[in-house]
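**Q** Structure provided below as C-alpha coordinates; questions to follow.
The values are calculated or read from the model by the stated rules, or taken from the named source; none is laboratory data. Note that the structure is a prediction, hence the values are computed from the model and not measured. Methodologically, a virtual Cβ is constructed for each residue, glycine included, from the backbone with ideal geometry; neighbour enumeration extends over all protein chains shown. Side chains included, ligands, DNA and RNA excluded: accessible areas come from the protein's heavy atoms. Shrake-Rupley method; radii C 1.70, N 1.55, O 1.52, S 1.80 Å.
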Amino acid sequence: HLLCHASHMFGPSGGHSSSLIYGLSSKARCIAPVHAETEKDRFFVGSHGLNEENEIHLIEVDTQAGPGNISCISIFGHPHEIWAISPSHSDASLLFTCYNTGTDYKASLWRTPSSGQGQVQALEHVLELPGHAGAIRNVLWDTHVDDQVISLDENNVHVWQLSNGASEAKPVRTFGGLKNLLVGTLSPNHAHQMATAHEGTIKGWDFRQGTSTYTIEKAHAAVVRDLDFNPNRAYVLASAGDDMAVKYWDIRNTKEPLKVQSNAHHHWVWTVKHNKLHDQLVITSSSDNNVKLWNVPSISSALNSKDTHADEERHTLNKRI
(Lines give C-alpha, C1' and ligand atoms only; values in the text may rest on other atoms or scores of the structure.)
Protein backbone atom coordinates (compact mmCIF):
# COMPACT_ATOMS: atom_id res chain seq x y z
CA HIS A 1 0.00 0.00 0.00
CA LEU A 2 1.11 3.55 -0.68
CA LEU A 3 2.04 5.08 2.66
CA CYS A 4 2.98 8.68 2.07
CA HIS A 5 3.37 11.05 -0.81
CA ALA A 6 5.72 13.76 0.43
CA SER A 7 6.60 16.85 -1.59
CA HIS A 8 9.17 19.55 -1.09
CA MET A 9 9.14 23.01 -2.60
CA PHE A 10 12.04 24.94 -4.10
CA GLY A 11 11.85 28.71 -3.90
CA PRO A 12 9.01 30.91 -2.71
CA SER A 13 7.00 30.56 -5.88
CA GLY A 14 6.63 26.81 -5.60
CA GLY A 15 7.64 26.59 -9.26
CA HIS A 16 9.32 23.21 -8.84
CA SER A 17 8.31 20.25 -6.74
CA SER A 18 9.19 16.58 -6.54
CA SER A 19 7.66 13.62 -4.79
CA LEU A 20 9.01 10.89 -2.57
CA ILE A 21 7.07 7.66 -2.09
CA TYR A 22 7.43 5.08 0.66
CA GLY A 23 5.64 1.73 0.53
CA LEU A 24 4.25 -0.33 3.41
CA SER A 25 2.94 -3.91 3.21
CA SER A 26 -0.09 -3.09 5.38
CA LYS A 27 -2.63 -0.27 5.46
CA ALA A 28 -1.67 2.82 7.44
CA ARG A 29 -3.66 5.75 8.82
CA CYS A 30 -1.19 7.83 10.88
CA ILE A 31 2.16 9.53 10.44
CA ALA A 32 3.85 11.84 12.99
CA PRO A 33 7.11 13.82 13.00
CA VAL A 34 9.80 12.96 15.54
CA HIS A 35 9.86 16.41 17.19
CA ALA A 36 12.89 15.73 19.38
CA GLU A 37 15.05 14.83 16.38
CA THR A 38 16.34 18.27 15.39
CA GLU A 39 19.16 17.29 13.02
CA LYS A 40 17.18 15.03 10.68
CA ASP A 41 13.67 14.86 9.22
CA ARG A 42 12.25 11.69 10.72
CA PHE A 43 8.71 10.34 11.04
CA PHE A 44 6.92 7.49 12.76
CA VAL A 45 4.33 5.67 10.65
CA GLY A 46 1.87 3.15 12.12
CA SER A 47 0.04 0.31 10.36
CA HIS A 48 -3.65 -0.37 10.77
CA GLY A 49 -4.50 -4.06 10.51
CA LEU A 50 -7.17 -5.36 12.88
CA ASN A 51 -6.40 -9.08 12.63
CA GLU A 52 -2.64 -9.00 12.23
CA GLU A 53 0.54 -7.91 13.92
CA ASN A 54 1.17 -4.24 13.25
CA GLU A 55 4.32 -2.21 12.84
CA ILE A 56 5.71 1.26 13.41
CA HIS A 57 8.23 2.36 10.80
CA LEU A 58 10.80 5.05 11.58
CA ILE A 59 11.52 6.72 8.26
CA GLU A 60 13.93 9.49 7.30
CA VAL A 61 13.49 12.04 4.53
CA ASP A 62 16.65 13.53 3.02
CA THR A 63 16.08 16.39 0.58
CA GLN A 64 19.62 17.76 0.71
CA ALA A 65 21.01 15.93 -2.31
CA GLY A 66 19.50 15.68 -5.77
CA PRO A 67 15.82 14.74 -5.94
CA GLY A 68 15.85 13.57 -2.32
CA ASN A 69 15.49 10.21 -0.68
CA ILE A 70 13.19 8.48 1.77
CA SER A 71 14.48 5.50 3.73
CA CYS A 72 13.46 3.19 6.57
CA ILE A 73 15.67 3.52 9.67
CA SER A 74 13.94 0.97 11.93
CA ILE A 75 10.80 -1.15 12.18
CA PHE A 76 9.12 -1.84 15.53
CA GLY A 77 6.45 -4.40 16.25
CA HIS A 78 3.15 -3.19 17.71
CA PRO A 79 0.48 -5.58 19.04
CA HIS A 80 -2.68 -3.87 17.73
CA GLU A 81 -4.00 -1.58 14.98
CA ILE A 82 -2.67 1.96 15.45
CA TRP A 83 -5.03 4.94 15.31
CA ALA A 84 -2.69 7.74 16.42
CA ILE A 85 1.00 8.30 17.17
CA SER A 86 2.31 11.09 19.40
CA PRO A 87 6.11 11.36 19.76
CA SER A 88 7.68 13.20 22.70
CA HIS A 89 8.96 16.73 22.04
CA SER A 90 12.04 16.20 24.23
CA ASP A 91 13.01 12.51 23.96
CA ALA A 92 13.20 10.95 20.49
CA SER A 93 12.86 7.44 21.94
CA LEU A 94 9.43 8.02 23.55
CA LEU A 95 6.06 7.92 21.80
CA PHE A 96 2.43 7.37 22.70
CA THR A 97 0.15 5.27 20.53
CA CYS A 98 -3.63 5.05 20.61
CA TYR A 99 -4.80 1.64 19.43
CA ASN A 100 -7.74 -0.72 19.16
CA THR A 101 -7.35 -4.17 20.76
CA GLY A 102 -10.49 -5.47 19.08
CA THR A 103 -12.52 -5.11 22.28
CA ASP A 104 -11.53 -1.64 23.52
CA TYR A 105 -9.23 1.31 22.94
CA LYS A 106 -6.00 1.98 24.82
CA ALA A 107 -3.27 4.65 25.00
CA SER A 108 0.26 3.51 25.87
CA LEU A 109 3.69 5.06 26.15
CA TRP A 110 6.50 3.12 24.45
CA ARG A 111 10.27 3.41 24.31
CA THR A 112 12.17 2.48 21.16
CA PRO A 113 15.40 0.46 21.48
CA SER A 114 18.64 2.40 21.20
CA SER A 115 19.99 0.50 18.19
CA GLY A 116 19.26 -2.18 15.65
CA GLN A 117 18.40 -2.29 11.96
CA GLY A 118 17.16 -4.75 9.41
CA GLN A 119 14.73 -6.69 11.61
CA VAL A 120 11.51 -5.97 13.43
CA GLN A 121 12.39 -4.81 16.93
CA ALA A 122 10.36 -4.92 20.11
CA LEU A 123 9.07 -1.74 21.70
CA GLU A 124 9.41 -1.38 25.47
CA HIS A 125 5.99 -0.81 27.03
CA VAL A 126 6.43 1.99 29.60
CA LEU A 127 2.89 2.70 30.83
CA GLU A 128 -0.79 2.81 29.93
CA LEU A 129 -3.15 5.74 30.51
CA PRO A 130 -6.29 4.24 32.12
CA GLY A 131 -9.85 5.44 32.66
CA HIS A 132 -11.00 6.37 29.16
CA ALA A 133 -14.47 5.90 27.69
CA GLY A 134 -14.93 4.76 24.10
CA ALA A 135 -12.40 5.57 21.40
CA ILE A 136 -9.21 7.38 22.45
CA ARG A 137 -8.60 10.11 19.89
CA ASN A 138 -5.03 11.17 20.67
CA VAL A 139 -2.43 12.04 23.30
CA LEU A 140 -0.93 15.55 23.21
CA TRP A 141 2.43 16.48 24.79
CA ASP A 142 2.37 19.82 26.60
CA THR A 143 5.33 21.88 25.37
CA HIS A 144 4.90 24.46 28.17
CA VAL A 145 4.87 22.13 31.19
CA ASP A 146 7.49 19.39 31.50
CA ASP A 147 6.17 15.81 31.52
CA GLN A 148 2.53 16.83 31.18
CA VAL A 149 0.32 15.13 28.60
CA ILE A 150 -3.33 15.47 27.63
CA SER A 151 -5.43 12.60 26.28
CA LEU A 152 -8.82 12.81 24.58
CA ASP A 153 -11.56 10.22 24.33
CA GLU A 154 -15.10 10.44 22.94
CA ASN A 155 -16.38 12.62 25.79
CA ASN A 156 -13.59 14.07 27.92
CA VAL A 157 -10.15 15.63 28.13
CA HIS A 158 -7.75 14.03 30.64
CA VAL A 159 -4.65 15.81 32.00
CA TRP A 160 -1.75 13.65 33.25
CA GLN A 161 1.58 14.31 34.96
CA LEU A 162 4.39 11.90 34.11
CA SER A 163 7.00 11.14 36.78
CA ASN A 164 9.94 8.85 37.59
CA GLY A 165 11.47 9.15 34.15
CA ALA A 166 8.05 8.95 32.46
CA SER A 167 7.44 5.53 34.04
CA GLU A 168 4.35 6.66 36.00
CA ALA A 169 1.33 8.77 35.06
CA LYS A 170 -0.68 10.61 37.70
CA PRO A 171 -4.16 11.88 36.76
CA VAL A 172 -4.46 15.64 37.33
CA ARG A 173 -8.02 16.42 36.16
CA THR A 174 -10.73 15.39 33.74
CA PHE A 175 -13.18 17.77 32.07
CA GLY A 176 -15.40 18.18 29.04
CA GLY A 177 -18.58 16.12 29.18
CA LEU A 178 -18.90 16.52 25.41
CA LYS A 179 -20.73 14.43 22.83
CA ASN A 180 -18.53 12.87 20.14
CA LEU A 181 -15.34 14.77 20.97
CA LEU A 182 -13.21 14.22 17.88
CA VAL A 183 -10.07 16.38 17.98
CA GLY A 184 -8.05 18.71 20.19
CA THR A 185 -4.99 20.90 19.82
CA LEU A 186 -2.77 22.75 22.31
CA SER A 187 -1.85 26.40 21.88
CA PRO A 188 1.88 26.78 21.12
CA ASN A 189 1.68 30.42 22.24
CA HIS A 190 -0.17 30.28 25.57
CA ALA A 191 0.39 27.79 28.38
CA HIS A 192 -2.65 25.82 29.62
CA GLN A 193 -4.75 26.76 26.58
CA MET A 194 -6.29 24.33 24.10
CA ALA A 195 -9.17 23.96 21.65
CA THR A 196 -11.40 20.96 21.02
CA ALA A 197 -14.08 20.11 18.49
CA HIS A 198 -17.17 17.96 18.96
CA GLU A 199 -19.53 17.57 16.03
CA GLY A 200 -19.77 21.09 14.52
CA THR A 201 -18.76 23.02 17.66
CA ILE A 202 -15.34 24.37 18.67
CA LYS A 203 -14.56 25.08 22.34
CA GLY A 204 -11.57 26.75 23.97
CA TRP A 205 -10.30 25.59 27.37
CA ASP A 206 -8.03 26.61 30.21
CA PHE A 207 -7.02 23.16 31.40
CA ARG A 208 -5.57 24.37 34.70
CA GLN A 209 -9.17 24.43 35.97
CA GLY A 210 -10.89 22.64 33.10
CA THR A 211 -12.99 25.71 32.31
CA SER A 212 -14.29 26.75 28.91
CA THR A 213 -12.95 30.08 27.58
CA TYR A 214 -14.97 30.40 24.35
CA THR A 215 -17.46 28.45 22.26
CA ILE A 216 -18.05 28.62 18.51
CA GLU A 217 -21.42 27.00 17.86
CA LYS A 218 -21.96 25.68 14.32
CA ALA A 219 -18.39 26.58 13.40
CA HIS A 220 -18.87 24.33 10.37
CA ALA A 221 -22.03 23.10 8.70
CA ALA A 222 -20.91 19.53 9.42
CA VAL A 223 -18.41 17.69 11.64
CA VAL A 224 -15.15 19.52 12.48
CA ARG A 225 -12.30 17.11 11.68
CA ASP A 226 -9.19 19.07 12.62
CA LEU A 227 -7.88 22.17 14.41
CA ASP A 228 -4.50 23.91 14.39
CA PHE A 229 -3.23 27.08 16.04
CA ASN A 230 -1.04 29.44 14.02
CA PRO A 231 2.42 29.14 15.65
CA ASN A 232 3.26 32.80 15.05
CA ARG A 233 -0.08 34.59 15.52
CA ALA A 234 -1.16 33.90 19.05
CA TYR A 235 -4.94 34.02 18.60
CA VAL A 236 -5.48 32.53 15.13
CA LEU A 237 -7.01 29.05 14.93
CA ALA A 238 -7.63 27.05 11.74
CA SER A 239 -10.44 24.50 11.45
CA ALA A 240 -11.37 21.93 8.81
CA GLY A 241 -14.59 20.00 8.40
CA ASP A 242 -16.92 17.71 6.51
CA ASP A 243 -18.47 20.75 4.79
CA MET A 244 -15.32 20.81 2.56
CA ALA A 245 -14.28 24.15 4.08
CA VAL A 246 -11.25 25.49 5.93
CA LYS A 247 -11.86 28.40 8.28
CA TYR A 248 -9.60 30.74 10.26
CA TRP A 249 -10.73 32.26 13.56
CA ASP A 250 -9.56 34.96 15.94
CA ILE A 251 -10.39 33.28 19.25
CA ARG A 252 -10.78 36.70 20.92
CA ASN A 253 -13.75 37.47 18.66
CA THR A 254 -15.42 34.35 17.35
CA LYS A 255 -18.62 35.84 15.98
CA GLU A 256 -17.36 35.50 12.41
CA PRO A 257 -14.28 33.73 10.97
CA LEU A 258 -11.37 35.82 9.74
CA LYS A 259 -11.41 33.92 6.48
CA VAL A 260 -13.28 31.05 4.87
CA GLN A 261 -11.94 28.79 2.14
CA SER A 262 -15.19 27.34 0.85
CA ASN A 263 -14.88 24.16 -1.19
CA ALA A 264 -11.21 23.85 -0.31
CA HIS A 265 -11.65 20.21 -1.33
CA HIS A 266 -14.29 18.13 -3.09
CA HIS A 267 -15.01 16.00 -0.01
CA TRP A 268 -14.42 16.03 3.74
CA VAL A 269 -11.31 17.93 4.88
CA TRP A 270 -9.53 15.70 7.38
CA THR A 271 -6.41 17.71 8.21
CA VAL A 272 -5.25 21.33 8.39
CA LYS A 273 -1.76 22.33 9.54
CA HIS A 274 0.35 25.50 9.49
CA ASN A 275 4.00 25.49 8.52
CA LYS A 276 5.85 26.19 11.77
CA LEU A 277 8.37 28.59 10.19
CA HIS A 278 6.37 30.12 7.33
CA ASP A 279 2.88 30.36 8.75
CA GLN A 280 1.34 31.70 5.54
CA LEU A 281 1.75 28.14 4.21
CA VAL A 282 -1.13 25.86 5.23
CA ILE A 283 -1.44 22.22 4.19
CA THR A 284 -4.74 20.34 4.01
CA SER A 285 -5.71 16.76 3.20
CA SER A 286 -9.05 15.28 2.32
CA SER A 287 -10.99 12.11 1.62
CA ASP A 288 -11.02 13.31 -2.00
CA ASN A 289 -7.45 11.86 -2.05
CA ASN A 290 -5.79 15.23 -2.44
CA VAL A 291 -3.19 17.05 -0.37
CA LYS A 292 -3.08 20.81 -0.98
CA LEU A 293 -0.54 23.41 0.05
CA TRP A 294 -2.06 26.89 0.34
CA ASN A 295 -0.36 30.28 0.47
CA VAL A 296 -2.59 32.39 2.75
CA PRO A 297 -0.67 35.48 3.91
CA SER A 298 -3.75 37.33 5.18
CA ILE A 299 -3.99 35.04 8.24
CA SER A 300 -0.24 34.90 8.86
CA SER A 301 2.45 36.90 10.64
CA ALA A 302 3.19 38.39 7.18
CA LEU A 303 -0.16 40.21 7.40
CA ASN A 304 1.37 43.67 7.08
CA SER A 305 3.87 42.82 4.37
CA LYS A 306 3.62 44.43 0.91
CA ASP A 307 1.14 42.95 -1.59
CA THR A 308 -0.08 40.37 0.90
CA HIS A 309 -3.59 40.05 -0.50
CA ALA A 310 -2.42 40.12 -4.13
CA ASP A 311 -0.40 36.95 -3.48
CA GLU A 312 -3.14 35.12 -1.61
CA GLU A 313 -3.51 31.50 -2.71
CA ARG A 314 -1.68 32.22 -5.94
CA HIS A 315 0.71 29.31 -5.53
CA THR A 316 -1.08 26.11 -4.56
CA LEU A 317 0.51 22.68 -4.72
CA ASN A 318 -2.10 20.01 -5.36
CA LYS A 319 -1.00 16.38 -5.04
CA ARG A 320 -3.37 13.49 -5.60
CA ILE A 321 -2.54 10.40 -3.53
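**Q** Is it the case that ARG320 is modelled with pLDDT under 90, more than 21 Å from VAL183 (Cβ to Cβ) and open to solvent by 80 Å² or more (accessible area, probe 1.4 Å)?
**A** Yes, satisfied.
**Q** Same structure again: Quick one: GLN64 ticks every box in (1) more than 16 Å from PRO33 (Cβ to Cβ); (2) of a type outside the set (Gly, Ala, Ser); (3) assigned to a loop (DSSP other than H, G, I, E, B); (4) under 22 Å from the mean Cα position of the chain (by Cα) bar one, so which box is it?
**A** (4)
**Q** Out of curiosity, is ALA191 out of contact with any strand residue (DSSP E or B) (no Cβ under 7 Å at 6 or more places or on another chain), in a loop (DSSP other than H, G, I, E, B) and closer than 19 Å to ILE150 by Cβ?
**A** Yes; evaluated as a whole, the condition is true for this residue.
**Q** Do we have ARG208 as open to solvent by 40 Å² or more (accessible area, probe 1.4 Å) and in contact with a Phe, Trp or Tyr (Cβ under 8 Å, 6 or more places away or on another chain) here?
**A** Answer is no for this residue.
**Q** Would you please name the residue that is nearest to SER187 (Cα to Cα), looking only at residues in the stretch 211-225 that are open to solvent by less than 60 Å² (accessible area, probe 1.4 Å) and part of a loop (DSSP other than H, G, I, E, B)?
**A** ALA219
**Q** Within the stretch 175-193, identify whether any single residue is of a type in the set (A, V, I, L, M, F, W, C), open to solvent by less than 20 Å² (accessible area, probe 1.4 Å), in contact with a His (Cβ under 7 Å, 6 or more places away or on another chain) and closer than 22 Å to TYR235 by Cβ, and answer yes or no.
**A** no
**Q** Another question, then. For residues that are outside any strand (DSSP E or B) and open to solvent by less than 20 Å² (accessible area, probe 1.4 Å), scanning just the stretch 259-287, find the one that is farthest from ALA219 (Cα to Cα).
**A** Among residues in the stretch 259-287 that are outside any strand (DSSP E or B) and open to solvent by less than 20 Å² (accessible area, probe 1.4 Å), the one farthest from ALA219 (Cα to Cα) is ASP279.
**Q** Of the residues that make up the stretch 19-41, is at least one farther than 18 Å from GLN119 by Cα, assigned to a strand (DSSP E or B), modelled with pLDDT under 70 and among the polar types (S, T, N, Q)?
**A** no
**Q** Could I ask something else about it? Which of the numbered conditions does ASP142 fail, given that it passes all the others? Conditions: (1) open to solvent by 20 Å² or more (accessible area, probe 1.4 Å); (2) closer than 17 Å to ALA84 by Cβ; (3) charged (D, E, K, R).
**A** Of the numbered conditions (1) open to solvent by 20 Å² or more (accessible area, probe 1.4 Å); (2) closer than 17 Å to ALA84 by Cβ; (3) charged (D, E, K, R), the odd one out for ASP142 is (1).
**Q** Restricting the search to the stretch 94-129, which residues are assigned to a loop (DSSP other than H, G, I, E, B) and either crowded, with 19+ Cβ neighbours inside 10 Å or at pLDDT 95 or above (or both)?
**A** Hits for the stretch 94-129 are THR112, LEU123, LEU129.
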